[in-house]
Amino acid sequence: MNTDSGSSSAGFLPIGSPSSIGSPSDPGGRRAAAFPVWLTALLDLIAITVFVIIGRADHDHGLSPAGILDTLWPFAVGAAVGWTVIYLYAAVESAGEFGRVFRPERLRPAITVWVCTVAIGMLLRWVVHQGVAVSFVIVASIATALFLLGWRAVAALVLRRTAG
């Protein structure tokens, strides 16, 4: 990959370029729209935080910053593990075109982030005795799926409409 000229022979942007997602051109010659990785991570954290705030408000647990962080951290750690898994998978599968493969805004990596968010989050909650009732696991699974996958669906729809 040529990192000096701003493009590679395969038509991908290098990792260090301003649009370093590296999405391939579509058959029509337009560049497929891509979401910045930092924004994807931020929106995931916001989605998990919204889930926590809604849950705390619904159960009258208060909305103090300390209380929100106490509920948030296991799920944030789970999401970070999910991000690590998809990052490592992309690095292994990249064969030199890492930017082309690491697309966390897409559905498949999002499912990995979602599963890790819930599974690791619940495991950590159990370890620190925060409670993991079956009904909570079900509700948390559904709500985090809606938030983590939902914002991606909306973004994909908007990007398709603006690109077309």
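The values are calculated or read from the model by the stated rules, or taken from the named source; none is laboratory data. Predicted, not measured: the structure shown is a model, and the values here were computed from it. As a convention, Cβ positions derive from the backbone with ideal geometry for all residues, glycine included, and neighbour counts pool all protein chains shown.
If you go through the range 90-116 and keep only what is of a type outside the set (A, V, I, L, M, F, W, C) and touching a Pro at 6+ places or on another chain (Cβ under 8 Å), you end up with GLY99, ARG100, ARG103.
Hey, does the range 117-127 have a residue that's within 21 Å of LEU45 (Cα to Cα), touching a Pro at 6+ places or on another chain (Cβ under 9 Å), without any contact (Cβ under 8 Å) to a residue 60 or more places away in the chain and charged (D, E, K, R)? Yes, the range 117-127 has at least one match. The set of residues from the range 128-148 being under 22 Å from THR40 (Cα atoms) and surrounded by 16 or more Cβ atoms within 10 Å (Cβ to Cβ) comprises ALA140, SER141, ALA143, THR144, ALA145, PHE147, LEU148. Of everything in the range 110-127 that is buried (at least 16 other Cβ atoms within 10 Å of the Cβ) and of a type in the set (Gly, Ala, Ser), the residue that is farthest from VAL85 (Cα to Cα) is GLY121.
Taking the stated definitions as given, is ALA34 under 15 Å from the mean Cα position of the chain (by Cα) and either at pLDDT 85 or above or of a type outside the set (Asp, Glu) (or both)? Taking the combined requirement at face value, the residue satisfies it. Of all residues in the range 70-82, at least one satisfies being assigned to a helix (DSSP H, G or I), touching a Cys at 6+ places or on another chain (Cβ under 6 Å), among the hydrophobic types (A, V, I, L, M, F, W, C) and at pLDDT 95 or above. Going by the conditions given, is LEU39 modelled with pLDDT of 90 or more and under 17 Å from the mean Cα position of the chain (by Cα)? It is true that LEU39 is modelled with pLDDT of 90 or more and under 17 Å from the mean Cα position of the chain (by Cα). For the range 132-153, state whether one or more residues are in a helix (DSSP H, G or I), farther than 19 Å from GLY55 by Cβ, touching a residue at least 24 places away in the same chain (Cβ under 8 Å) and of a type in the set (D, E, K, R). Yes. Of all residues in the range 83-130, those that are hydroxyl-bearing (Ser, Thr, Tyr) and assigned to a loop (DSSP other than H, G, I, E, B) total 1.
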